[in-house]
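Take a look at the structure set out below.
Please treat every number below as a calculation from the coordinates, not as lab data. A quick note: this is a predicted structure, and the numbers were derived from the prediction, not measured. Positions of Cβ are generated from backbone atoms using ideal geometry, with glycine treated the same way; all protein chains shown enter the neighbour counts.
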Amino acid sequence: MPETGLLSKIEAAFPGKILEHYSQYGYDVIVLNRDDAVAIFATLRDHPDFAFNQLSDLTATDFLGQEPRFELMYQLNSLSLNHRLQVKIRVPEDAAWAHTVSSIWKSGDWLEREVWDMFGIKFTDHPDLRRILMYEEFKGHPLRKDYPVSKRQPLVEERDPITNPWPKR
Amino acid sequence: MAATATIPDVVEMELDPTSEVMSLQMGPSHPATHGTIKFWLKLDGEKILNCDVEIGYLHRGFEKMCEQRTWNHVVPYTDRLNYISPLINNVGFALAAEKMLDLEVPERCQYIRMIMSEISRMTDHFTCLGMGAAEAGALSVAFYALEARETLFDIVTAVTGARLTVSYTRVGGVTQDLPEGFADRIRGAFVDIRQVMADCDALLSKNRIFIERMSGVGVIPAEDVVSYGVTGPLLRACGVGYDVRKAYPYLFYDRVEFTVPTGTQGDNYDRFSVRFEEIRQSMRIIEQALDQIRPGPVRVDDPRITLPQKKDVYGNIEGLMNHFKLVIEGVRIPKGDIYQAVEGANGELGFYLVSDGSGRPYRVRVRPPCFFGMAALGQMLKGCLISDIITTFGMINMIGGECDR
């Protein structure tokens with residue numbers, strides 16, 4: 001059920017902030033600037049016309065060879081109004097970071113850790129930006145297109161509770 | 001190993017000044033955590049002050065591997081996401097790829113996909129409920145539930161040829177039609193399954209031990225559950241009736257009648273009850289679909305998408321070339337990206353696909369529903385006892401293959 005007029009409402013709410021917008025496969029897509037994103041996300045969550053109370057998914061795509069190299073994809077969902085919105089933010093390779101949304105949606109916490117783990121995109125002000133699927137000693141970020149699929153990793157030193165304990169948590 | 005009580009979360013817990021906070025690592029290979037997972041606990045006696053959940057032990061590079069293969073080669077990989085309900089993963093991936101192709105699959109194929117998805121939802125729920133009850137001490141329920149599950153797995157085997165690694169869908173259809181006598185077999189199985197459910201209900205619904213282990217444990221408020229991105233039975237147990245099948249209907253879910261059960265307390269007992277009722281609703285959906293399904297083709301007839309008949313492959317050069325091109329180069333999907341969600345057994349199972357127009361996916365991202373439940377687990381467990389980890393973790397129904405990919 002595509003919510004008609006969602007895009008025009010968003011355009012009216014944030015004049016000049018929406019870099020691109022289009023609809024596809026029954027949902028709307030907008031492209032935002034990295035620095036405007038957090039304020040817009042907060043409004044999208046709290047405004048009764050949008051009520052995007054869930055961050056369903058956050059992931060990145062590595063367009064190696066293109067500029068900007070990375071594209072972040074935020075999939076927002078409103079459980080009360082039953083509409084979806086996809087937000088994209090493009091991030092260059094030499095400044096691979098974005099602002100955290102973990103204070104807006106709690107799911108942002110783990111999702112951003114995964115994007116950091118897999119793509120090496122940092123999230124500023126994230127409370128606890130550790131790797132999540134890989135181990136701390138892992139070298140590189142496996143879902144980058146320049147990470148070879150057959151690459152091997154160095155052996156990790158054995159943990160010992162006395163001589164080489166786990167980091168404190 | 002004693003730690004100081006300076007962690008902000010711990011201070012809130014009104015610590016007894018004489019007590020000592022203990023750090024404990026539980027897992028990654030703990031007999032009660034089916035799936036490899038580690039809990040970093042801060043304990044005051046048996047009470048959990050803080051729980052840091054560590055996942056990733058079953059990471060096999062699913063998303064990276066998908067980028068190396070053709071679109072149809074991804075289907076067997078999706079079997080290994082949630083391996084208790086592999087058909088839902090197959091269907092979700094196929095739907096996303098077909099939407100990018102702007103392809104309408106035949107009606108019979110859509111009904112088959114719907115029936116098989118619901119069977120998978122039932123096998124998943126039976127596994128979760130049976131194991132959840134067994135971990136709370138009700139071992140008979142586990143045997144009843146597994147018996148019902150095996151009845152369904154036998155049907156899945158008859159349709160697809162495999163119990164778990166089914167690889168049943170392809171871009172543009174399903175591999176083969178339903179076998180002879182499928183509808184009668186399902187109806188016969190449902191008679192047994194309804195009996196099993198009545199037995200389980202009788203064993204549990206007035207069982208004081210079970211209720212006290214489950215009720216009021218692992219409670220989390222609805223707004224936090226929503227914020228954590230949790231969907232499926234965990235969300236509905238908190239009273240939020242969100243179901244992808246109702247909110248964004250796909251296949252023919254808008255042609256069948258079913259209700260979305262919800263809970264009130266958001267505790268483990270509600271999570272159990274919601275899943276229990278969902279099994280009944282799945283049976284309703286399957287029975288209606290069996291009444292509505294008509295004979296017909298089960299995949300699209302398009303040489304760019306589906307493989308030719310074997311007699312053409314062996315009999316003429318066009319068929320042979322068609323087969324070769326599809327197998328070696330794969331189906332070509334137009335440039336673009338899509339987010340497509342289906343209702344998995346544990347919640348919203350999303351596929352985000354990016355295509356660069358070649359025969360291989362540029363990026364395949366899976367939104368695993370139990371990942372979000374695991375993110376919320378730390379909050380659910382705060383203030384509970386160690387033994388409550390077992391039941392709460394059981395009701396999240398974390399499937400390692402899906403959570404860690």
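If you check A:PHE123, A:PHE119, A:PHE138, which single one turns out to be within 23 Å of A:ARG69 (Cα to Cα), away from chain B (no Cβ under 11 Å) and not charged (D, E, K, R)? Before the answer, list the steps.
Values: A:PHE119 fails: away from chain B (no Cβ under 11 Å); A:PHE138 fails: away from chain B (no Cβ under 11 Å).
Only one candidate qualifies: A:PHE123.
Which one of these does B:THR306 not meet: (1) assigned to a loop (DSSP other than H, G, I, E, B); (2) surrounded by fewer than 17 Cβ atoms within 10 Å (Cβ to Cβ); (3) over 20 Å from the mean Cα position of the chain (by Cα)?
All conditions are met except number (2).
So, in the range A:38-68, of the ones that are more than 11 Å from the chain's Cα centre (by Cα) and closer than 16 Å to A:PHE123 by Cα, which residue ends up nearest to the other protein chains (Cβ to nearest Cβ)? Steps first, answer last, please.
First pass over the range A:38-68, keeping only residues more than 11 Å from the chain's Cα centre (by Cα): A:38-54, A:62-68.
After this cut, where a residue has to be closer than 16 Å to A:PHE123 by Cα as well, the list is A:38-39, A:41.
Working: A:VAL38: 16, A:ALA39: 18, A:PHE41: 13 Å.
If we take residues in the range A:38-68 being more than 11 Å from the chain's Cα centre (by Cα) and closer than 16 Å to A:PHE123 by Cα, then A:PHE41 is nearest to the other protein chains (Cβ to nearest Cβ).
If only one of B:LEU58, B:LEU49, B:LEU129 is more than 30 Å from B:VAL171 (Cα to Cα) and within 13 Å of chain A (Cβ to nearest Cβ), which one is it?
Numbers: B:LEU58 fails: more than 30 Å from B:VAL171 (Cα to Cα); B:LEU129 fails: within 13 Å of chain A (Cβ to nearest Cβ).
Of B:LEU58, B:LEU49, B:LEU129, the one residue that is more than 30 Å from B:VAL171 (Cα to Cα) and within 13 Å of chain A (Cβ to nearest Cβ) is B:LEU49.
Given the condition within 13 Å of chain A (Cβ to nearest Cβ), within 12 Å of the chain's Cα centre (by Cα) and either assigned to a helix (DSSP H, G or I) or of a type in the set (Asp, Glu) (or both), answer yes or no: does some residue in the range B:354-364 qualify?
Step one: filter the range B:354-364 for residues within 13 Å of chain A (Cβ to nearest Cβ), giving B:354-356, B:360-364.
If we keep only those that are within 12 Å of the chain's Cα centre (by Cα) as well, we get none.
No - not one qualifying residue is present in the range B:354-364.
Is the range B:188-209 home to any residue that is within 14 Å of chain A (Cβ to nearest Cβ), over 22 Å from B:THR151 (Cβ atoms) and free of Cβ contacts under 8 Å to residues at least 12 places away in the same chain? Quick ask: steps written out before the conclusion?
At the first step, the residues of the range B:188-209 found to be within 14 Å of chain A (Cβ to nearest Cβ) are none.
No; the residues of the range B:188-209 include none that is within 14 Å of chain A (Cβ to nearest Cβ), over 22 Å from B:THR151 (Cβ atoms) and free of Cβ contacts under 8 Å to residues at least 12 places away in the same chain.
Using the structure shown, decide if A:GLU20 is within 12 Å of chain B (Cβ to nearest Cβ), in a strand (DSSP E or B) and farther than 27 Å from B:ALA376 by Cβ.
Numbers: within 12 Å of chain B (Cβ to nearest Cβ): no; in a strand (DSSP E or B): yes; farther than 27 Å from B:ALA376 by Cβ: yes.
No.
Go through (1) free of Cβ contacts under 8 Å to residues at least 40 places away in the same chain; (2) surrounded by fewer than 16 Cβ atoms within 10 Å (Cβ to Cβ); (3) among the hydrophobic types (A, V, I, L, M, F, W, C); (4) under 25 Å from B:VAL354 (Cα atoms) one by one and return the number of the condition A:PHE52 breaks.
Only one criterion is unmet by A:PHE52, namely (2).
Would a scan of the range B:373-396 turn up a residue that is within 15 Å of the chain's Cα centre (by Cα), of a type outside the set (Ser, Thr, Tyr) and under 20 Å from B:MET65 (Cβ atoms)?
no
In this structure, does B:ARG332 turn out to be outside any helix (DSSP H, G or I), touching a residue at least 40 places away in the same chain (Cβ under 8 Å), among the basic types (Lys, Arg) and within 26 Å of A:GLY26 (Cβ to Cβ)? Please lay out each step first, then the result.
Details: outside any helix (DSSP H, G or I): yes; touching a residue at least 40 places away in the same chain (Cβ under 8 Å): no; among the basic types (Lys, Arg): yes; within 26 Å of A:GLY26 (Cβ to Cβ): yes.
So B:ARG332 does not fit the description; no.
If B:ILE390 satisfies all but one of (1) farther than 30 Å from B:GLY132 by Cβ; (2) in contact (Cβ under 8 Å) with a residue 24 or more places away in the chain; (3) not hydroxyl-bearing (Ser, Thr, Tyr), what's the number of the condition it fails?
(1)
Restricting attention to the range A:155-163, does a residue exist that is in a strand (DSSP E or B), more than 9 Å from chain B (Cβ to nearest Cβ) and buried (at least 19 other Cβ atoms within 10 Å of the Cβ)? If you could, list the steps in order and put the result at the bottom.
Here is the first cut: in the range A:155-163, the ones in a strand (DSSP E or B) are A:160.
From the residues that got through so far, the ones that are more than 9 Å from chain B (Cβ to nearest Cβ) too are A:160.
Subset that is buried (at least 19 other Cβ atoms within 10 Å of the Cβ): none.
Checking the range A:155-163: not a single residue is in a strand (DSSP E or B), more than 9 Å from chain B (Cβ to nearest Cβ) and buried (at least 19 other Cβ atoms within 10 Å of the Cβ).
What residue, among those in the range A:69-99 that are in a loop (DSSP other than H, G, I, E, B) and without any contact (Cβ under 8 Å) to a residue 40 or more places away in the chain, is nearest to A:LYS139 (Cα to Cα)? Spell out the reasoning first.
Restricting attention to the range A:69-99, the residues satisfying the condition of being in a loop (DSSP other than H, G, I, E, B) are A:69, A:79-82, A:92, A:96.
Narrowing further to those that are without any contact (Cβ under 8 Å) to a residue 40 or more places away in the chain: A:69, A:79-80, A:92, A:96.
Working: A:ARG69: 20, A:LEU79: 39, A:SER80: 42, A:PRO92: 21, A:ALA96: 17 Å.
Among residues in the range A:69-99 that are in a loop (DSSP other than H, G, I, E, B) and without any contact (Cβ under 8 Å) to a residue 40 or more places away in the chain, the one nearest to A:LYS139 (Cα to Cα) is A:ALA96.
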